[in-house]
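Reviewing the structure listed below.
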Amino acid sequence: MSIVAEAPGYIQVFSDGSVKRFEPQIATASIEPYNGYMSKDVVIDSSKPIFGRMYLPESSIHQHFPVLVYFHGGGFCIGSTTWLGYHVFLGDLSVASKSIILSVDYRLAPENRLPIAYEDCYSALEWLIKNIEFEPWLKRADLSQLFLSGDSAGGNIVHQVAIRAITSEVFRGRLKALLPIHPYFGSEKRTELEMDNGSAGGVEMNDMFWRLSLPQGSNRDYFGCNFENAQLPLAEWSQFPAVIVFVAGLDLLKERGVTYAEFLKKKGVKSHVKVVEAEEQAHVYHVFHPESEATRLLQKQMSDFINSFRK
């Protein structure tokens with residue numbers, strides 16, 4: 001049995017189709033306050049299964065918080081709400097932004113290829129609405145102030161979930177903005193950065209994750225990879241929410257993020273569309289260095305953007 005695909009230290013895929021994942025340091029949830037927030041794990045759909053981790057900022061007064069739904073990255077093949085980097089980043093973000101955060105554990109490829117991740121993450125939005133009377137922490141939620149964020153593959157998921165949400169009467173008007181971080185998009189056509197000789201290793205790794213996650217028989221022009229092939233009627237783009245795209249100056253995917261913002265503007269998205277660059281930072285630096293100065297700045301930028309929508 002041989003290895004047919006590998007991201008060293010994270011995942012190995014074998015010739016018989018079996019998969020081995022290597023988990024980095026993880027964090028457990030706790031309803032005991034820590035650094036200004038509490039956290040707990042929830043079951044979104046036990047039949048699939050889909051799980052989540054919630055973060056609630058401490059507050060001395062009874063107030064309602066906006067809700068941010070976060071989708072982790074990992075090329076659709078790795079990643080978890082339990083990873084220490086995500087736990088620290090999102091807990092601190094809940095405090096900085098004064099938001100309830102739901103971090104989603106969707107099913108992973110290659111066992112569950114796209115569009116399953118999109119379907120699972122949309123289910124997480126539906127779970128919020130269905131459980132507002134049953135989940136105690138959601139009694140503190142203002143679901144008329146809903147935001148979506150995620151990094152890398154999670155940033156890709158943000159876009160796909162938003163496309164579905166704006167066509168739903170349940171979420172139209174509730175979904176205020178998207179905050180994708182270093183979104184993982186692609187296409188058969190390479191960007192200038194991807195064609196650079198120094199990018200060969202990164203391009204090869206990205207291509208591997210696409211091969212593992214795309215539906216069998218699809219290429220990188222699949223709608224979930226190439227946003228220009230989005231399945232949305234032209235008239236619907238005017239309903240798309242505000243978007244702030246975070247890119248990193250040292251990230252191979254930087255051009256993809258910038259082009260995504262330009263695409264939205266060309267489609268006639270009437271809401272605010274903006275790109276913010278962390279010039280000297282690498283891909284998903286906030287996960288690897290969740291307490292760095294650069295991450296604190298990112299959290300402030302995200303918080304300021306979210307708070308600009310407060311009533």
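The values are calculated or read from the model by the stated rules, or taken from the named source; none is laboratory data. Quantities reported herein were computed from a predicted structural model and do not represent experimental measurements. As a convention, Cβ positions derive from the backbone with ideal geometry for all residues, glycine included, and neighbour counts pool all protein chains shown. The accessibility values were calculated without ligands, DNA or RNA, using every heavy atom of the protein model including side chains. Shrake-Rupley method; radii C 1.70, N 1.55, O 1.52, S 1.80 Å.
In table form, for the structure just shown:
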read-out: Net charge, K274 excluded, C-beta distance under 13 Å - Lys, Arg +1, Asp, Glu -1; value: -2
read-out: T82 accessible area, assembled protein chains, probe 1.4 Å, Å²; value: 40
read-out: Long-range amide H partners of S168 with built H, under 5 Å; value: none
read-out: Accessible area in the full protein assembly, largest first, 1.4 Å probe, for I26, I163; value: I26, I163
read-out: Choice from S144, S94, S47 showing the highest fluctuation, given a GNM over the chain with Cα pairs closer than 10 Å; value: S47
read-out: Of all accessible heavy-atom area on the range 160-199, the percent that carbon and sulfur account for (1.4 Å); value: 44
read-out: Only Lys, Arg (+1) and Asp, Glu (-1) charged, at Cβ; the chain dipole about Cα centre in debye; value: 1000
read-out: Karplus-derived HN-Hα couplings along the range 189-194 (A = 6.51, B = -1.76, C = 1.60, θ = phi - 60°), whole Hz, x at Gly and Pro; value: 7, 7, 7, 4, 4, 5
read-out: Long-range amide H partners of V4 with built H, under 5 Å; value: V13, F14, S15
read-out: Computed over the range 129-202: relative contact order in percent, which uses C-alpha pairs under 8 Å that are six or more apart; value: 32
read-out: Among D221, D105, D92: highest mean-square fluctuation, GNM of the chain, C-alpha pairs under 10 Å; value: D221
read-out: Listed residues I3, I100, I116 arranged by accessible area, highest first, probe 1.4 Å; value: I3, I116, I100
read-out: E126/E279 FRET efficiency (R0 35 Å; Cβ-Cβ; nearest 0.05); value: 0.35
read-out: Accessible area, probe 1.4 Å, largest first, for residues L193, L93; value: L193, L93
read-out: Quotient of Cα Rg and 2.2 N^0.38 Å for the chain, N being how many residues it contains; value: 0.95
read-out: Proximal lysines to K189, defined as alpha-carbon separation beneath 18 angstrom and excluding residues fewer than eight positions away on the same chain; value: K254
read-out: 5 angstrom amide H check on V275, placed H, neighbours 5+ away; value: V245
read-out: Quotient of C-alpha Rg and 2.2 N^0.38 Å, computed over the range 119-254; value: 1.19
read-out: Using θ = phi - 60° and Karplus 6.51 cos²θ - 1.76 cosθ + 1.60, couplings along the range 27-32 (whole Hz; Gly, Pro as x); value: 10, 8, 6, 8, 7, 7
read-out: Largest-first principal axis extents, alpha carbons of the range 1-77, Å; value: 59, 27, 18
read-out: Solvent exposure of the chain as accessible area per residue, Å², 1.4 Å probe; value: 44
